[in-house]
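Remarks on the structure that follows.
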Amino acid sequence: MPPTDESLQPVPGAPALTFENVVKKFGDLTVLNDLNFEVERGQRVTLIGPSGSGKTTILRLVMTLESLTGGYIHVDGVPLTHVERGGKRVARRHKDVAQLTRRIGMVFQQFNLFPNMTVIENIIEAPVHVLGKSKEEARTRGKELLEQVGLGDKADQHPSRLSGGQQQRVAIARALAMDPEILLLDEVTSALDPELVGDVLQVLRDLAENTDITMLIVTHEMQFAQDVSDRVLMFDSGHIIEDAQPDVMFSNPTHERTKEFLRAVL
Amino acid sequence: MDAFLDDLSTAAPRFWDGLVVTLQLGLGGAAVAFVIAVALGLLTLSPNSWLRAPGRMVVEFFRGTSLVVQLFFFFFVLPQIGLELDPIPVGIAALGLNYGAYGAEVVRGSLAAVPKAQWEATTALSMGSVQRMARIIWPQAWALMLPGLNNLLVMLVKGTALASFIFLHDVTFVADDLRRTMGKLFSFGIGFAIYYALNQLLSSGMRILELRAQRRLGLKPESRKATKRAEAVAGVG
Amino acid sequence: MNWSWDHAAAVLPELLSAFLRVTLLVTIVSSIGAAVLGLVWAIVLREAPKVVAAIIFRILDIIRMTPIPLQLAAIWAFVITTDVEALTVGLIVYAVHYSTYMAESYRAGIESIRPGQWEAATALSMSKGRTWRAVIIPQALRATVPSLGNWAIAMFKDTPFLIMISVPEMVTAAEKYGGSTFSYDEPFILAGLIFLAASYPTAVLMRKLENRLATY
Ligand SMILES: Nc1ncnc2c1ncn2[C@@H]1O[C@H](COP(=O)(O)OP(=O)(O)O)[C@@H](O)[C@H]1O
Ligand SMILES: [Mg+2]
């Protein structure tokens, strides 16, 4: 189905994500103040930084789970929630925002699988009811994705019967079933027992290897970050204090705060 | 507007009489219900099954047999065995027993919800069972049971509308009676307003009790006045 | 009191017939009505614009805090000149009255769903309607069903208020029998026992259901 509004078409050559003067406040608390950065298409960008520095907020803003206080976020060069019209910042129609967020998928720290659905029902729910795919088509693709995350035999299980690591892999498969251009991963291994982390990270490594999905990753797994990222952004109090390739960031950071942070987590 | 005020002054004495009956039933019923709820609640929590089992039976019996049936039983059958009662005490007894049985479940549930460690602590301090209940367990359960009792109080007040079934002239009776002379919209409108106002009033009263009970347990911030008073006593500020 | 088995045998069929034809009918039909309406209120209160939600909340509050006999008498007074039957008025009043309580139960059920469920639905670009239908309602229902059952039992025991508009339910039948024979004890005792026999096992069942539905 072609987009209903021409202006929703991706701008050729534009970055996958652009933060333009983004401001986010929770009441009196300013979490992000005039944040600017871009993520190129196909790039894997990891956000690191101390707890409370605003990493989750950034992902949630992109997924429209939080509303912007000021500024703009562009997806493929198209403004996501607000547009500038006659010098004024106006909110987009809900329908248009929904069109744009279809290109974005998210995996949560707490999986957030639907407990009233089986694994395969979780995966085909959105392809069938949002994208309008046929059940068979969605099911076939869903089974493929389950194989890909190593859970081909769990299709008809209920999520509550699976381990945390398995649930998180289902959640990844569910996000992939929507064929997202941009995948947001928020500390997807933080809620897992240590012995289950490896399987989930392996799935993500494969994904980075074999696809060209743009990824915005928040993680405390520094080895993983170093292996899959093209770029690492170090955050502190809502500001990017260092923006570097992983080998530079992890072996030879310039900023004192980065050194401190890495010393504490590594 | 003037016509409305005229109507109101005509109807007011009638509704006032009705309200007196409704209040007698409601407040009397609530008082009886509360006593029964506490008694049955404690009984059904007793470790002694000779006390617990009959308690449970009474609770289930009065919860299960319908308020109106109980009312009619008291009203029609008791006189046949020589127990001649006025309708108001009959109404109060029926409301008190029925909602007392429901209340017993709230009391029991709230007492049971007080953490076990609190009971054990009282044992460790060698408290007697009366002291334990009065000073430690009850104050904690009280805060828990007030929302449930509030719900039941509203239901009990609504339950008083069965008064006309035993020939009492309560607010519902008056509203229904006046509709012929004063118009349906007017008479029922006033009737609804009276019950709504009454229940809102009682509910806010119950919420104040709830807030106070929570404050006493340190669950809610002290009111500013209480803080001031405490500071004055402590000689600060 | 002098219990007579003859009176008991004579009145029992009348009670059972009124029980089946009116008491049970009202309980079942109005419970279903209340369960559907209650869900509608719960959703509207969450999704409607603030002002609309506030108005609806106030109306539901008024319905919840005023007695069923008054509501029956009021509605009956307005339709008495039409050919709407008293039983229909009863069905509607009970459904609407208890829908206000069931709406509260649904609200609690909906609020018990973790925000992550809504967020996952947003992340999958699911529509509001689909999110309610496929994700929220099925989970809320699970948490709410026992409570709905308990309100249905409460409604069941409130059906004698139908006397107010002369619908011949079971207690009316009992009173009628008592009035014509001056033997009140058998009909009322039997009516009470029928209420008990129907409501107690249902209440126990709801308690069991509650424990079983508590987790996935
Ligand atoms: N819904 C919210 N309401 C109020 N404050 C919030 C909310 N979400 C996040 N915050 C605050 O915003 C700041 C950034 O949070 P977050 O983005 O979660 O940080 P991070 O993911 O880097 O740990 C924190 O101070 C946090 O307390
Ligand atoms: Mg975070």
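The values are calculated or read from the model by the stated rules, or taken from the named source; none is laboratory data. Predicted model, so just to flag it, every value in this text is computed and none were measured. Reconstructed Cβ throughout: ideal geometry from the backbone, glycine too, with neighbour counts over all protein chains shown. Accessible surface is based on the protein model in full, side chains and every heavy atom, while ligands, DNA and RNA are left aside. Shrake-Rupley method; radii C 1.70, N 1.55, O 1.52, S 1.80 Å.
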How many residues does the range C:162-201 hold that are closer than 18 Å to C:Ile28 by Cβ, more than 7 Å from chain B (Cβ to nearest Cβ), part of a helix (DSSP H, G or I) and open to solvent by less than 40 Å² (accessible area, probe 1.4 Å)? 4
Go through A:Arg102, A:Arg139, A:Arg92 for me and flag whichever is open to solvent by 40 Å² or more (accessible area, probe 1.4 Å), away from chain C (no Cβ under 14 Å) and away from ligand 1 (no atom under 16 Å from the Cβ). A:Arg139
In the range B:156-178, how many residues are surrounded by 21 or more Cβ atoms within 10 Å (Cβ to Cβ), assigned to a helix (DSSP H, G or I) and not small (Gly, Ala, Ser)? 12
State all residues of the range A:227-249 that are open to solvent by 20 Å² or more (accessible area, probe 1.4 Å), within 16 Å of ligand 1 (Cβ to nearest atom) and of a type in the set (A, V, I, L, M, F, W, C); if no residue qualifies, say none. A:Ile240, A:Ile241
Members of the range A:120-136 that are within 13 Å of another protein chain (Cβ to nearest Cβ), hydrophobic (A, V, I, L, M, F, W, C) and either farther than 23 Å from A:Leu207 by Cα or in a helix (DSSP H, G or I) (or both): A:Ile123, A:Ile124, A:Ala126, A:Val128, A:Val130
If we take the range B:1-108, then helices (runs of 4 or more DSSP H) inside it with 1 or more residues that are open to solvent by 60 Å² or more (accessible area, probe 1.4 Å) are B:2-43, B:49-64
Here is a check on your reading of the model: is C:Leu72 assigned to a helix (DSSP H, G or I), in contact (Cβ under 8 Å) with a residue 60 or more places away in the chain and open to solvent by 40 Å² or more (accessible area, probe 1.4 Å)? no
Expected output for the range A:47-58 (first residue free of Cβ contacts under 8 Å to residues at least 24 places away in the same chain, partner within 6 Å of ligand 1 (Cβ to nearest atom), Cβ below 9 Å, 6+ apart or cross-chain) is A:Gly52/A:Val31
Restricting attention to the range B:179-195, which residues are open to solvent by 30 Å² or more (accessible area, probe 1.4 Å) and at the interface with chain C (Cβ under 8 Å from one of its Cβ atoms)? B:Arg179, B:Lys184, B:Phe192
Quick count over the range A:36-58, residues being more than 16 Å from ligand 1 (Cβ to nearest atom), assigned to a strand (DSSP E or B) and under 21 Å from A:Leu207 (Cβ atoms), is 2
Residue, nearest to the chain's Cα centre (by Cα), within the range A:169-213, restricted to residues that are within 16 Å of ligand 2 (Cβ to nearest atom) and over 16 Å from A:Thr46 (Cβ atoms): A:Ala191
Residues of the range A:11-55 that turn out to be closer than 24 Å to A:Arg257 by Cβ, of a type in the set (Val, Ile, Thr) and crowded, with 20+ Cβ neighbours inside 10 Å, as a count: 6
The residue that is nearest to the chain's Cα centre (by Cα), considering only those in the range C:1-28 that are open to solvent by 70 Å² or more (accessible area, probe 1.4 Å) and within 25 Å of C:Tyr98 (Cβ to Cβ), is C:Ile28
Any idea how many residues of the range A:193-226 are crowded, with 18+ Cβ neighbours inside 10 Å and within 16 Å of ligand 1 (Cβ to nearest atom)? 6
